[in-house]
Every structure is written in structure tokens, then in C-alpha cells.
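Undergrad: Structure incoming, see below.
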Amino acid sequence: MVDNFYRAFEDRYRGSRDLIKSRLQAYRPFIGALHEALPDGNALDLGCGRGEWLEVISSAGFRARGVDLDDGMLEACRELGLDATHDDALSALRALPDAGVGVVSAFHVVEHISFEDVRTLVSEALRVLVPGGLLILETPNPENVVVAGERFYMDPSHVKPLPPPLLGFAVEYAGFERVKIVRLQEPESLHHPEAEITLLNVLEGVSPDYAVVAQKLGDEATMAATAAAFEAEYGLTLPGLATRHNQHLESRLHGIETRLQATQELTRLAEAKAMEAQREAQELQSTVKQALDSAIREVGDARLANERVAQLEARVQTAEAKAHQLHLQLEAVHASTSWRITAPLRRVGLIAQAVRRDPVKISAKQALRHAARYVNRRPWLAKPALRVLGRFPHLKLRLARAVSGLELHSTQSTIAIPSDAAHLTPHARQIYANLRSAVGRREKGDL
């Protein structure tokens, strides 16, 4: 079937014309140096497709021609005025004389043919190249896991992928002097040494395409002109990205371990501070408890003291009330008639006490007799005096002894003298006689 399917397929999945041309600039170091050594060089592009490479190499100063089997692709070349003819790669090579071409290229061709045809293509290219001429074979890179597992099979005309070491060895084995693996089209950001390489980068970040750039042995000047381009390194390999990914993981792990250690140290310090805080809290709690207990005791003591004070105040008030009552009673006694009446008796009591203590007893006894006579002269005093002395039996007895047997009767208005005075002392009998005389005089109204 002859149609434009393949051209439409490349337009969608390979990329735009400008994108492809920008990618092909990666070969400038090689063709630029070769053009300086071979200013009149020409180029043959096998499977030229839409003619992007024909434009690039023509702009570098080479006379370029292309061959392809797809008429749709060739139509695109003719639209741009490029020199492109319908032919297969091997036929075009075989039709050329030896050492007549400066550059032979085949972009995404070798994956479409058998490996035997690949080897034939390489041998024929070596034959037709001028000394120092270049062979460029670009193909999908199966080092990229996504390319090897999916993208390679997006093109139904692909036969099988060719690993870089295999194609490189085939070219070297054919007799080329220099062979360089140039890996292409990887994300530029992954070249940054500080870029974080993820697992996805390892799977799909390896250069998705690569080329084997080989140089036929030429003169010293030509070989020297292209030496720098062959010494440079290109693209990203699977081992390289995997190593960087591991290093990144190790770095992250180390960072995690460092942070973990720091966290553990912080945790240890926090635990120590927490324990210290707990200890301080316990001490503070104990201090607060002691203060509270002390306050409670003080409150209890204060309450007891208040109760004691209240009790004492009550007792004082009671005592004051009693004292006031006694004072009132005493004032009442002092104001009473009996108190005034018994005044002589109180004096007699004082005299009796004085007689007992004073060595001058005779004078005291005389005073006592005078008091007795005073009472005898006032009969109305006898009854109250006896009633008062009745309250104080001891005093009554002492007074009786002091006056040698004098009795005071509450129901009589006169003093009865006992008839038998033999038991009295001479001094008492004298007092007795004096009292009888006083009584007699009272009865007569002398007193």
C-alpha cells in the first residue's frame, strides 16, 4: 500500500520539522570540524525522510543528497527544493565509487533493517567515504527503559532495537578508526549536578536516542580537526542515572538519619526537660501542699484561738456581770439598816481580832466592854446584833469568850448573866461584874 501514513505518523510522534532540526544541531561539532578540513565535501543521507538533515548539513557547507523509499517523505523534500531521490540505502551506496563522499548518514534507519544489512551498510559506507570522512548512524536507545519497552514499538516498521555497544562494535569491527557513542535528546535539566534524580528519571530520563559517529582514517590534519568532538562526552546513560539516583537516596537517607538523630537528641533533651519539669512540679506541689497544710493548721489554730478568745470574753462578761451584781448587792448591804446597825459589832469583831494579835489586851478588852455597854444602853440594837452574829458562829463564840460568858439573846431585850461564874478567870469575873453593873444602870435608865 502506497500512501502518506508514515509521513503523518512522523508528523505526530517524531516531532515538528523545527524540533527535529534543533535536535540535529548536536552533530555540529563533528561536521563543523570536518568541513574545515574538507571544505569541498559532500554528504549522502540514507532514508532522508522529510529532509531535516539535508537542510542542516547543507547549511554547514556540504553538498547534500538524500534517498528514501517513501514517496510522501520525498514530496516534502521536493517542496523545499532539496535533492532527494527514490532509492533504498544499500543500492544507493553500492552505486557510489570508492572514497567519494565526505559524510554518510542514516537517521533511524538501522532499526528498520536486519542486522546483516546493518553490517553491509557499515562496510559500504566505509568504502565510499573519503579519508577522514564520517559515518553517522542514529537509532532509538534501548538503554532507556521506556524506549525499549514501549516507544520503540510505536513504529510498526521497526525490526528490533540495537544496544549502543552492539552497533558501536559493528562499526569498529568494520574498520573505522574512531567510534563515538553520542547519546541524544535527554532532558537538559538532568545534566545539572544538583538535580534530584527520581526513579522515573532513571526509567525514562536516559537519552532516548543515540548515534554511532565513526571516522575513517584520514590525514593527520583532518583527524586533529575532529579530535575534540570525539573526546567529549554526550548524553545520559542508565548506569549513570541509576548511580546518581542511589546517591540521591543515600543523601536523603543520610539526611533523614541526621534529622532522626537530631530529633532523637531533641527528644532526649525534651524528655530530660520534662523529667526536670515533673520533678520541679512535684517539688512545687509538695511545697504548695505544705503551705496549704500550714495554712489549714493556722486557720484551725486561729479558729481555736478565736473560740478560746470568745470563751474568755464570755467568761469575762460573766465575771463582770457577777461582779456588777455583787457590787450592787454590796451597795445594797451598805445602804441597808442592818449594815448600819451592825457597825458596832463589826468594830467589836475588829477589836477581838486586835486583842488576839495585840499584846496590850487589857485596853482592847476595855474597848470591848465599852462596846457591850453601848449595846446595853440601846436595847433595840440587841436583836439585830444577835441576828448578825448568828450568821457568824465562830465570831459569836470569840466575842462571848472575850467578854467572859456574855450571851446575846435574839428574843430578849436585856442581857442575861449566868449565875454561876465560878469557872471564870479573875479578869473575866471582873468584866462580868462590870457588865452586871452596866445592866443595872441600863434598867434604871442611867444609860
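Undergrad: Can you find, within the stretch 140-164, the residue that is modelled with the highest pLDDT among those that are farther than 21 Å from LEU199 by Cβ and either aliphatic (A, V, I, L, M) or touching a Gly at 6+ places or on another chain (Cβ under 8 Å) (or both)?
TA: Here the answer is LEU162.
Undergrad: Is it the case, given these coordinates, that THR139 is assigned to a helix (DSSP H, G or I), surrounded by 15 or more Cβ atoms within 10 Å (Cβ to Cβ) and among the hydroxyl-bearing types (Ser, Thr, Tyr)?
TA: Here the answer is no, as THR139 does not meet what is asked.
Undergrad: May I pose another question? Output the number of the condition that GLY81 fails; it satisfies all remaining conditions of (1) exposed (fewer than 14 other Cβ atoms within 10 Å of the Cβ); (2) on the phi > 0 side of the Ramachandran plot; (3) in contact with a Gly (Cβ under 9 Å, 6 or more places away or on another chain).
TA: (3)
Undergrad: Taking the conditions exactly as written (surrounded by fewer than 22 Cβ atoms within 10 Å (Cβ to Cβ), touching a residue at least 60 places away in the same chain (Cβ under 8 Å) and within 24 Å of GLY235 (Cα to Cα)), does ALA106 satisfy them or not?
TA: no
The values are calculated or read from the model by the stated rules, or taken from the named source; none is laboratory data. No experiment lies behind these values; they were computed from the predicted model shown. Heads up, the Cβs are rebuilt from the backbone with ideal geometry, glycines too, and the neighbour counts pull from every protein chain shown.
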